[in-house]
Amino acid sequence: MDPHDTSRQTSSFIGRAARKGPPNRFTSTHVEDDFEHLSSTDQVPHGRRKVATEYLEDRTNTILSENNSPDIPFRWSINPYRGCEHGCAYCYARPTHEYLGFNAGLDFESKILVKYRAAELLRHELSRSSWTGEPIAMSGVTDCYQGAERRFCLTRQCLQVMHDSRQPTMIVTKNALVTRDIDLLAPMAAANLANVSISLTTLDDTLARSMEPRTSTPQARLRSIRDLADAGIPVQAMIAPIIPGLNDREIPALLEVARKAGARAASYVLLRLPLTVEPVFLPWIQDNYPLAADRVEAHIRRTRSGQLSSSQFGQRMRGQGPYADQIANLFKVFKHKTGLDQRLPRLDTTQFKPPPGVSGQLRLF
């Protein structure tokens, strides 16, 4: 059974990985399509349908999110957008949309909240007397270079604030749009103030287009690694997520092409399906790769003590058990073989200079 068999690939919505919106965990009511009561003259939706993307204003008054998880390598992060147009079937961030009253399926992919004041709020945060220039990650949850960024440029505006303040930043993305901002990132990297991690999941265009329907193709991501590296910007290849039984066999090839493109380091994350990610991913793989679906689910459970997810620090990113150990060993061997078994340079926090506050007034101390 070939996991990349496409003979029965289907999709209810064009350019969307989710088939529907699973019920929100925090609401007592939800909507279901019910065609039983339609009259004979009513038109029933069928086939491939489009779902339009909506951009909604996020009126948050803060922009920095603090993280204290011991297995995440940053404390502070910025997410200019909530929800993500990339629509990756496996995205761990889907459940966060439920806090906003939406569902983790189609709503997460099509109802994007936009923090229009992101750069202004960031400037305010950096001008606080308590801020010391600790590194900030761009995209701690959803991708800061998703499609909305072409329209709103909020990530670039935030980068400009950090560039001017000599504020160190690390970027995580799977979109080649990051190369648009090389003019800001290159001088920051030259001063050891910036690095970029590019997420790679597969070299199979068909799998990528189905699993990650609205993000950059594998070849475009490799070009972005090359362009960033040529500009002197340290790049890490993130093989994320590794899906047992689907893309784990691609680990050696992914590391090799990442090295050839100019990546300096590599890391990986093992798939987990928490909460409302499960009812999105499992129907997706059943629809698109039915011959591999049962095997993939079984392998996931083998790495998660019989479950589909784990929230335990130290295990949630890597899994446990013999199958998880095989993946870890395979990754370790080929990371060493390709020379990617090193860390990106530590960002320099000593150069930070606070920007003027929103009022334009400099702080005294």
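The values are calculated or read from the model by the stated rules, or taken from the named source; none is laboratory data. Keep in mind it's a predicted model, so treat the numbers as computed, not measured. Neighbour counts run over all protein chains shown; Cβ positions are idealised from the backbone, glycine included.
Quick look at the numbers
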quantity: Sole exception among (1) farther than 21 Å from A17 by Cβ; (2) surrounded by 21 or more Cβ atoms within 10 Å (Cβ to Cβ); (3) not acidic (D, E) for N103, by number; calculated: (1)
quantity: Check on G133, modelled with pLDDT of 95 or more and either closer than 30 Å to I239 by Cβ or touching a strand residue (DSSP E or B) at 6+ places or on another chain (Cβ under 9 Å) (or both); calculated: no
quantity: Residue within region 272-282 that is among the acidic types (D, E), more than 24 Å from E98 (Cβ to Cβ) and at pLDDT 95 or above present; calculated: no
quantity: Single match in A89, A104 (criterion: in contact with a Phe, Trp or Tyr (Cβ under 6 Å, 6 or more places away or on another chain), within 20 Å of T53 (Cβ to Cβ) and either in a loop (DSSP other than H, G, I, E, B) or without any contact (Cβ under 8 Å) to a residue 24 or more places away in the chain (or both)); calculated: A89
quantity: Residues within region 30-64 that are under 16 Å from N103 (Cα atoms) and modelled with pLDDT under 85, tallied; calculated: 4
quantity: Cβ-Cβ under 7 Å pairs, at least 6 apart or on other chains, region 1-29 side at pLDDT below 60, far side part of a loop (DSSP other than H, G, I, E, B) and not aliphatic (A, V, I, L, M); calculated: P3/G245; P3/Y289; H4/D204; D5/Y289; S11/R48
quantity: Qualifying residues in region 97-129 (those that are of a type in the set (S, T, N, Q) and out of contact with any Ser or Thr (no Cβ under 8 Å at 6 or more places or on another chain)) - the one farthest from E212 (Cα to Cα); calculated: S129
quantity: Subset tally (residues that are touching a residue at least 40 places away in the same chain (Cβ under 8 Å), assigned to a helix (DSSP H, G or I) and either touching a strand residue (DSSP E or B) at 6+ places or on another chain (Cβ under 9 Å) or among the hydroxyl-bearing types (S, T, Y) (or both)) for region 142-164; calculated: 8
